Every structure is written in C-alpha cells, then in structure tokens.
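The block underneath contains the structure these notes are about, expressed in structure tokens.
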Amino acid sequence: MVIKIVIKAILLATSGAALNASCSPGGNFDLSIWDLQLPIGSPGAVETISSNSLQGCSGWQDFDYFFTESSDGVLVMKVPGSVASSGCVTTPNSQHCRTELYEKGSWDPNDENNRLTVTLSVPLPDNSGHGTVIGQIHILDSISTKPVAELYYSSSGALAMGVERTREGGNSIFTPLGQIPVGQIFTCEIRYESNVLSVLVNGGAPIQLSTFDLDAPLSYFKCGNYNQGDSPSSVHFFQIAVAH
C-alpha cells in the first residue's frame, strides 16, 4: 500500500534559509490553512484574522499579540492575561483568552496521517496550574465545543497532555510528558491517526494516550498561546507544520 502524505502547512525557512525578521509572520510561515483568533473584540465574538490577510511578507501582524520578533524572525504570540486581570475577551465557550491559530476544515482521526509538529519556546508561561495551552486537537464545532486533547506548558517547565474522556468535556485526564526549562527551544508532534492519539517530544518515541469514549470525532488542529491563568503569557514559534 502506498501512503500519500500531503504537507499542508510548513515553515518556509529550512536549515539553509533563516527566518526573515523584516517580514510579517506570513512571510516565514505558510499560514494558508490557518485563521487566527485574538484576545480582543467583544465578549463571545473575538476578533478573527483570515488566512488571506495573514499570508505573505506584508501580511497582517500586531505587535501586541501576533508578530515577527525583530531579533531573530520567530513568530511571537502574546496574551495579556485573563478577563479579570487584563480585560481581554474570550470565545463563546471559553473563560480564557487566546492568540491562537486554528486549522480551517476538519479531518477524520481514522485516516492514516494527521500530525501537527511545532518547534517553539515558552519564555513566559501563564501562572495557572497546568500552564499555557500551546497546541490542541479540537472536535469539529458542529459535534462538540470541547477539545480532544490540549498540550500544556507550565511556569515550572512541566509539559503535559490533557485528554477529554467524553465529548461533553470537563473531565480531562492529564499525562506528564517531562520537564523543559522555561525559554528553552523544544519540538512536539501530536498525532491522531488510525484512531490512535500520541505525542512525541524532541524526537522521542511516541507516547500513546487513551481517547476513552471520544470515538474518533471529526477534528482540527489549533496552535498558539491559549492562556489559562491571570498573568501574561508569550510563546515563540520556530516551526509549525501540519501533515494529512
């Protein structure tokens, strides 16, 4: 059997081409499959930036939330804190603020290839117990408002995956994935394929996680800075790649 792998979004820069600090994020990253949610707008109706606006060296950026770092060209995503601490706004089904990319369209977890790979650092995690969510698999909105799984990074450097047990949500099971010093660059890959959920850290062996009673719902990827606390948070991305 021949398995066809289509890379849908990948960092434009490779080992032979540095990130361009003079470009907006769309000049360094292929943002064609992503829209962006921001922690501003009105409650329940956050400002959303379309992929068309994000793309290209002159694409949209805002130096408060989503921009290219002038020193090294990385993609910076910032959140000022919580609704109570900063006045930021949330999406309809969340109490937390975010600067977060979300994948347009959905896919079937029974397919043979569904992967999100990110290389990043978290110089400023939020002050919540599990920390900032840096990546997600989310159930298709017409099926559920809940995620399948969320990848957390805490102020102590703890990396963990929280997986919902049901489509109704509210009962996540957390699996520790190790310690990464705050500010250190690392790579994570989340897979949900052939109805198996797994995560790899820094090229290690896949850690398989139960999906309990979720029953492989249609899903999509998210990545960015989904703040779970009251303090500001900042996440720096060096690579974002999706494969189906």
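Side notes on the structure shown:
- Whole-number percent relative contact order across the chain, with pairs defined as alpha carbons under 8 Å at least 6 apart: 26
- Selection among 180, 216, 29 by position relative to the dipole of the chain gives 180 as farthest towards the positive end (Cβ unit charges, Cα centre).
- Over the residues of the chain, the helix contribution to mean residue ellipticity at 222 nm works out to -500 deg cm²/dmol, using -39500 (n - 2.57) for each DSSP H run of at least 4.
- Dipole moment magnitude, nearest 20 debye, segment 131-244 about Cα centre, only Lys, Arg, Asp, Glu C-beta charged: 140
- For the chain, taking a cut-off of 4.7 Å between Cβ atoms, the unpaired cysteines are 188, 223.
- Highest-fluctuation residue, 142, 172, 22 considered, GNM on the chain with Cα pairs under 10 Å: 142
- Of the solvent-accessible surface of the chain, computed with a 1.4 Å probe and all protein chains present, 50% belongs to carbon and sulfur.
- Evaluated at q = 0.22 Å⁻¹, the base-10 log of the normalised Debye intensity for segment 129-244, with identical point scatterers placed on the Cα atoms, takes the values -1.40.
- Calculated P(r) tail over 22 Å for the chain, as whole % of Cα pairs: 50
- Of 221, 212, 67, the one that fluctuates the most in a GNM where the chain has Cα springs shorter than 10 Å: 212
- Percentage of interatomic Cα-Cα distances in segment 70-150 larger than 18 Å: 53
- Size of charge dipole - the chain - debye, nearest 20, with Cβ of Lys, Arg +1 and Asp, Glu -1, no other charges: 180
- The loop-placed GluC sites (Glu not before Pro) in segment 146-212, going by DSSP, that have at most 13 neighbouring Cβ atoms within 10 Å of their Cβ come out as 168.
- Here's the picture: charge each Lys and Arg Cβ at +1 and each Asp and Glu Cβ at -1 in the chain, and of 39, 80, 57 the one pushed furthest to the positive end of that dipole is 57.
- Hits among aspartates and glutamates - C-alpha to C-alpha of residue 222 under 12 Å, sequence gap 8 or more where chains match: 35, 100, 103, 150
- When the chain is treated as a Gaussian network with alpha carbon springs shorter than 10 Å, the biggest mean-square fluctuation among 229, 131, 170 belongs to 170.
The values are calculated or read from the model by the stated rules, or taken from the named source; none is laboratory data. Computed from a predicted model, the values in this text were never measured in an experiment. Here Cβ is always computed from backbone atoms with ideal geometry, including for glycine, and neighbour counts include all displayed protein chains. Surface accessibility is based on the protein's heavy atoms, side chains included, excluding ligands, DNA and RNA. Shrake-Rupley method; radii C 1.70, N 1.55, O 1.52, S 1.80 Å.
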